[in-house]
1. How much length is gained if the chain between residue 78 and residue 240 is pulled fully straight, taking 0.36 nm per residue apart and subtracting their Cα-Cα distance, in nm to one decimal?
2. What is the chain's relative contact order, in percent, from Cα pairs under 8 angstrom and six or more apart in sequence?
3. If you keep only loop residues by DSSP, which GluC sites (Glu not before Pro) in the stretch 245-352 have at most 15 other Cβ atoms within 10 Å of their Cβ?
4. Mind telling me which of 188, 82, 311 comes out most flexible in a GNM of the chain, alpha-carbon contacts under 10 Å?
5. By how many nm would the segment from residue 212 to residue 90 lengthen if fully extended, with 0.36 nm per residue of separation less the alpha-carbon distance?
6. Can you give the FRET efficiency to the nearest 0.05 for residue 304 and residue 252, using r as the Cβ-Cβ distance and R₀ = 35 Å?
7. Choose one of 76, 151, 41: the residue whose Cα lies farthest towards the positive end of the charge dipole of the chain (beta-carbon charges +1 Lys, Arg; -1 Asp, Glu; about the Cα centre).
8. Out of [x] 20.8; [y] 25.2; [z] 23.4, which label holds the value of mean projected area of the Cα convex hull in nm² that was computed here?
Amino acid sequence: MKNMGAAILLILALTLTFGTNLYGTEAVDILDALDGVPYRIQIPGNWNRGLVMYAHGYKMPGRPWSPMPENIGQVFLDRGFALVQSGYSRQGWALEQAVGETEALKNHFQKQYGSADSTFITGHSMGGLITLATIEIYPEAYDGAMPMCGPLAPAMFFFKDRVFDMVVTFEAIFGDKVPVEYRPLMEAAILPRAAVQQALDAMPGMATKYALHWGIREKDVAGTIAMNQFLLKELEERARGNPFDNTGTIYMGFGQIDGLNDKILRYVADPGAVEYIRKHYTATGEIEDPVLALHTSYDAGVPTCVPCYYAKMSALKDNADLFVQLYVEAEGHCNFTAEQTGRVFDMLRGWVATGQKPEAGLLE
C-alpha cells in the first residue's frame, strides 16, 4: 500500500508538472481546432521540451489555411522543438485575430503537454509583424522572437506611406491610361494586374522613373500596385472606413512632375478606421527579449526600409541591444532557404543562452 501511495503521488506530481496529458516518446502531429480556429501541433519523438510558435502570413480572405511548408517546419522539429501553428479565425490582415489566438493556442498546448523549457515565436510576412506584436505584448511568455520578411513598423506607417501612397501616385501619373471602369482606383472593387501593366506600357519612360522612386524593379510594379489596391480595399472593409489621410501630404519625386500634387486625389480618414489600424498594430520598440529579424536584400512588397524602421524604434527606447536585423542576398518576398532559416534560429538560441548579441548585416 505504501508503494501504491507513492506511485499515486508521483503521478499527481507529474500531472501538475507536465500537464493533464502526459507526453511520451512518440511523435505527435495533430490537425484540429480550438474554439473553431484550426491549428497544427507537431512534437518530435526527441522533444527537448522547447516550443516554437509560428504565425503565418497574409492569406486572401476566403481561402483555406494551410500549415507552413514541411521543409521549413522540419527545421525546428529536427532541432527537437515542438512546432505549433494557428490558422486564425479570419484571413486577410488578421492582426486582430492572430495575436490573441496564437497566445490561446500556446496556453492550450501547455495544458496538454506542459510548460516548455524555452519558447520562441517566429513568422513570415504579416506573421513577422504578428511575431513582433506578440513579443512586445507578452514578453514574459517568450525567450526570443524571429520575425522573417515582415513589415516591422507601425502598420499605419507601412500602409499609408508605402501601400497607399504608391496607389495614389500611380493614379495621378498613369490614371488616364487605366480603363475607366477601374477609376478611381481606391473605389474599384478590384484592379487587375493587366490593367496596371497596360498603363505602364503606355508611358515607358515614366514607368522607369516610378519604379526607381519606389525602389522596385519595373517588372514588379504592376503586380505590386494590383496587390496594394487589394490590401487597401480589404483594410477599408475590415476597419469599416478609410483609415488613410493624405490631405496634408506633399508628394515629390518622379522627375519633379509639374502639378503632381494637384493631380493626386485626396482622402480624409475615418477616425474609427484610423484607430483600428493603430490598434492592429503599432509596433513600439518596447521589447524585453532578443529579437533577431531576417529579410531579403530585395523585396518589392516589403522593402528593406520598412523592417529597418524597427531598428530605429528600438534604439529610441534604449532597446538597441535586443534587436538585430539580418539579411540574405536574394530577391523576392520571404525567399529564404531552410538552411538559412535554421542558421538564424540557431543564432537566436545562442543569443538567448549566452547573452552574446549577433552581428547585424549579411548572413554569410
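1. Values: separation 162, 0.36 × 162 = 58.32 nm, distance 4.39 nm.
That works out to 53.9 nm of additional length.
2. Numbers: 653 pairs, mean separation 56.5, N = 364.
In percent, rounded to a whole number, it is 16.
3. Working: sites: 275, 286, 288, 329, 331, 339; in loops: 286, 288.
Listed in order of number, the matching sites are 286, 288.
4. Judging by the Gaussian network model, the answer is 188.
5. Values: separation 122, 0.36 × 122 = 43.92 nm, distance 3.56 nm.
Roughly 40.4 nm would be gained on extension.
6. Numbers: r = 21 Å, r/R0 = 0.61.
E(calc), rounded to 0.05, equals 0.95.
7. In the chain, that residue is 41.
8. [x]
Coordinate-derived values only; no laboratory data. Keep in mind the model is a prediction, meaning the values are calculated, not measured. FYI the Cβ positions are ideal-geometry reconstructions off the backbone, even for glycines, and counts take in every protein chain you see.
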